[in-house]
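Novice: Structure below; questions to follow.
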Amino acid sequence: MVPLQSSPAPDLGPPLAFWLLLCLLALVGGAVGSAVARRLSNPVGKYRMLYVGAVLPLGVIAYGLLSVLDLGAAVRAAVVGAAIDVAAADVFLAEFLTMAAAGTVSLVAYAPTVRGVRAVRDIDLRTGRAVARMARWLLGASAVFALALTPFRVGVDSGASTAAVGVGIVALVLVVLAASPWAIATLRSTERPAGDDAARIARLRERVGLGDDLVRDVRVLDTDDEETANAFVRGLGPTRRLFVTSTFLDTLDDADAAALLGVQAGRVRSRALGRRLGAVVVAAVPLLAAFGSGAPTGPLVAVSAVVLVGGLWYARRGIVAADDHAADLFGADAVADAFERYAEIHAIEPSRRRVPNPLSANVPLGDRIDRLRERAAGSDDGES
């Protein structure tokens with residue numbers, strides 16, 4: 001435990017005023033973006049682009065600006081008083097407060113979009129409930145983010161080597177990944193499957209090979225309001241847990257549900273999530289070294305960028321491998337049909353890209369469908 005050196009507490013007024021200004025801009029931006037998205041073709045897809053391309057980046061930018069202004073440290077000083085004697089606790093609290101404030105900026109931008117999503121999808125999604133659920137998730141994410149960043153900040157301040165800091169961050173990522181099933185259950189409304197749902201899930205798991213050797217148990221997420229038909233696996237090794245949404249069970253027949261669960265089984269086997277996290281973590285190693293004492297910053301940043309692009313390409317290959325696994329089980333056409341049914345439920349038009357985005361870990365749904373159709377057509381030609 002390293003005591004913090006005494007330093008004057010930052011003034012709360014300027015960063016607080018700047019945060020309020022960011023919230024105001026976010027509110028206006030969210031309202032304008034929602035109004036535009038509702039009037040475009042494929043509005044649900046445009047809303048997703050709005051979230052990924054504007055709402056989320058706005059929170060990231062807000063975090064950077066508020067960090068420069070020491071908002072977290074100023075709030076911590078105003079609430080707690082003098083600096084905490086333990087460096088890790090002081091850094092964690094300051095980072096959590098900064099991240100929570102930045103998340104609030106994104107939340108303010110998100111709030112005016114709920115009404116538009118409700119209209120274009122024709123669902124009963126109340127704004128208050130949606131915002132409260134998102135706020136709950138943001139608080140949890142802020143805590144995890146602060147927990148992950150604290151060892152790096154404390155290590156750098158105490159003069160620890162880049163290698164030691166990097167190993168600590170990797171270890172923490174593994175711990176967070178292993179604990180993610182319980183974090184999701186804490187931040188979302190979940191329940192154990194019972195009755196007919198439990199029997200159906202057991203049958204589907206047996207069909208796709210998601211047995212106890214891959215996932216320890218199952219939880220059902222309550223999505224009756226937002227009507228999202230998703231299934232995914234989170235965890236590491238023996239902590240893996242399968243999550244399915246209530247809409248997934250209510251709206252999909254066994255054929256489509258099995259095909260989509262087969263994709264999830266393929267993702268576990270191809271370690272798709274591990275590939276994605278690995279790309280980011282491995283790329284961060286030379287980036288950390290780039291800011292070490294006397295390090296050649298330019299070349300190491302370039303190495304980090306190359307590693308990141310290569311790692312994201314590898315992550316996209318994991319998604320393709322998962323689709324192939326499901327196609328091997330049920331046929332490429334059946335998996336493509338399930339993807340189209342998924343798009344229909346969510347009122348989206350599957351997106352396509354002529355050139356893959358090198359900075360994306362995902363493959364557009366339309367490209368995945370086209371690839372499966374081509375595979376099915378090729379199989380038919382081979383048989384004839």
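Novice: What residue, among those in the range 351-376 that are touching a Lys or Arg at 6+ places or on another chain (Cβ under 8 Å) and not in a helix (DSSP H, G or I), is farthest from residue 264 (Cα to Cα)?
Specialist: If we filter the range 351-376 for residues that are touching a Lys or Arg at 6+ places or on another chain (Cβ under 8 Å), which is where we start, we get 356, 360-364, 366-367, 370.
Now narrow it down to the ones that are not in a helix (DSSP H, G or I): 356, 360-364.
Numbers: 356: 22, 360: 19, 361: 16, 362: 14, 363: 15, 364: 16 Å.
Result: 356.
Novice: Considering only the range 342-379, state which residues are touching a residue at least 60 places away in the same chain (Cβ under 8 Å) and open to solvent by less than 40 Å² (accessible area, probe 1.4 Å).
Specialist: Residues of the range 342-379 touching a residue at least 60 places away in the same chain (Cβ under 8 Å): 342, 345-349, 351, 361.
345, 346, 348, 361, listed by residue number.
Novice: If you don't mind, there's one more thing I want to ask. Go through (1) under 19 Å from the mean Cα position of the chain (by Cα); (2) among the hydroxyl-bearing types (Ser, Thr, Tyr); (3) closer than 17 Å to residue 184 by Cβ; (4) modelled with pLDDT of 90 or more and name the single condition residue 247 misses.
Specialist: (1)
Novice: Related question: Tell me which residues, restricted to the range 25-45, are without any contact (Cβ under 8 Å) to a residue 12 or more places away in the chain and among the hydrophobic types (A, V, I, L, M, F, W, C).
Specialist: First pass over the range 25-45, keeping only residues without any contact (Cβ under 8 Å) to a residue 12 or more places away in the chain: 25, 28, 32, 36, 39-40.
The answer is 25, 28, 32, 36, 40.
Novice: Within the range 154-176, is even one residue more than 15 Å from residue 277 (Cα to Cα), modelled with pLDDT of 85 or more, open to solvent by less than 40 Å² (accessible area, probe 1.4 Å) and in a helix (DSSP H, G or I)?
Specialist: no
Novice: Assuming residue 107 fulfils every condition listed in (1) at pLDDT below 90; (2) in contact with a Gly (Cβ under 9 Å, 6 or more places away or on another chain); (3) among the hydrophobic types (A, V, I, L, M, F, W, C) apart from one, which condition is it?
Specialist: With (1) at pLDDT below 90; (2) in contact with a Gly (Cβ under 9 Å, 6 or more places away or on another chain); (3) among the hydrophobic types (A, V, I, L, M, F, W, C) applied to residue 107, the lone miss is (1).
Novice: Looking at this structure, is residue 276 within 17 Å of the chain's Cα centre (by Cα) and closer than 30 Å to residue 297 by Cβ?
Specialist: Values: within 17 Å of the chain's Cα centre (by Cα): yes; closer than 30 Å to residue 297 by Cβ: yes.
So residue 276 fits the description; yes.
The values are calculated or read from the model by the stated rules, or taken from the named source; none is laboratory data. Nothing here was measured: the structure is a model prediction, and the numbers come from that model. With ideal geometry, Cβ positions are generated from the backbone for all residues, glycine too; neighbour counts draw on all protein chains shown. The protein model used for the area step is the full one, side chains on, heavy atoms only, and it has no ligands, DNA or RNA in it. Shrake-Rupley method; radii C 1.70, N 1.55, O 1.52, S 1.80 Å.
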